[in-house]
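The values are calculated or read from the model by the stated rules, or taken from the named source; none is laboratory data. This is a predicted model, so every value here is computed, not measured. Here the Cβ positions follow ideal geometry from the backbone for every residue, glycine too, while neighbour counts run over all protein chains shown.
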C-alpha cells in the first residue's frame, strides 16, 4: 500500500539516507512531499534547480505505481529523476513519459578534511554587491548555468579574485538541510588552466560538508574536465537521468 512520508526521519529510513532522495525531499519544506511503496520511494519539491523535481528509487514493480500516484497528486510538471536504468524502465511503463536527458549525480560525504591549497589567492563568500560581477562572468563564460544570482534557491556565491578581478565562482544552491548542492561553477576565460576553478570547488565543497553534513552536484557526462576535478576532490559518481511527460 502506498503511504505518504510525513517526516524527514521517515524519508531517511525509507530511502536508506540516499543523498539524491534526501536532496529532493528538501527537508519536507512547504510544497515538498514523499511517498513509499515496498522498496520504492519518491521525494518531490517544487522550484528545485529550476524544475519541479521528483526523485525515484526502488524496484520497477513498485516504482511505477508510486510515480503514477505522485504525478497524480503533484501534477504533470514534475520531472522524475533517478538512476539511468531505473528511469528507463519506469518511463517505458508509464504512458507519455520519456527520458529527456542523462547526466551524473556526484556525492561527497564527510571527510576528515578536504585539502585546499594555501597560497595568496583567497576564496571567500562574496557580498551581495558582487552579484553583477558574478552575473557578468556567468553570461560570458558559463551561459548555460542553472544557478545565477537572484534565482530561487540560489543562496550564496563564493569566488576568488586575481588582481582585483573576479576569476572563478561557485554557488551554494538548492541545498537541503542535510545535503549541500554545489552549482554555478565557472572560471573566466583569461584565468583558465590555472586550477582556480578547482580551488573554489574545494573550498565550497568543504563549506557545504561543514554546513550540511555532505555535498552533491550534477554534471554533464561529456564534461570530462569537471568530472576530473570533482573526482580529485573526493566526489563519487552515479549515472542518473531525468524524464518528463509529453503533452
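Residue 85 meets each of the listed conditions (1) touching a strand residue (DSSP E or B) at 6+ places or on another chain (Cβ under 8 Å); (2) under 15 Å from residue 241 (Cα atoms) apart from (1). Selection of segment 1-43 for residues being under 30 Å from residue 149 (Cβ atoms), touching a residue at least 24 places away in the same chain (Cβ under 8 Å) and either assigned by TED's automatic domain parsing to the domain that holds residue 181 or not in a helix (DSSP H, G or I) (or both) yields 33, 43. Apart from one condition, residue 139 fits all of (1) assigned by TED's automatic domain parsing to the domain that holds residue 128; (2) touching a strand residue (DSSP E or B) at 6+ places or on another chain (Cβ under 9 Å); (3) over 15 Å from residue 126 (Cβ atoms); (4) not in a loop (DSSP other than H, G, I, E, B); the exception is (2). If the condition is being within 15 Å of residue 104 (Cα to Cα) and crowded, with 21+ Cβ neighbours inside 10 Å, then segment 57-93 contributes 80, 81, 82, 87. Being outside the structural domain of residue 179 (by TED's automatic domain parsing), touching a residue at least 12 places away in the same chain (Cβ under 8 Å) and under 30 Å from residue 149 (Cβ atoms) holds for only one residue in 46, 65, 76, and it is 46. Per this entry, residue 217 is not counted among residues that are touching a strand residue (DSSP E or B) at 6+ places or on another chain (Cβ under 7 Å) and over 30 Å from residue 9 (Cβ atoms).
Specify which of the listed residues (170, 158) is under 16 Å from the mean Cα position of the chain (by Cα) and either on the phi < 0 side of the Ramachandran plot or not in a strand (DSSP E or B) (or both). Reasoning before the result, please.
Values: 158 fails: under 16 Å from the mean Cα position of the chain (by Cα).
So the residue among 170, 158 that is under 16 Å from the mean Cα position of the chain (by Cα) and either on the phi < 0 side of the Ramachandran plot or not in a strand (DSSP E or B) (or both) is 170.
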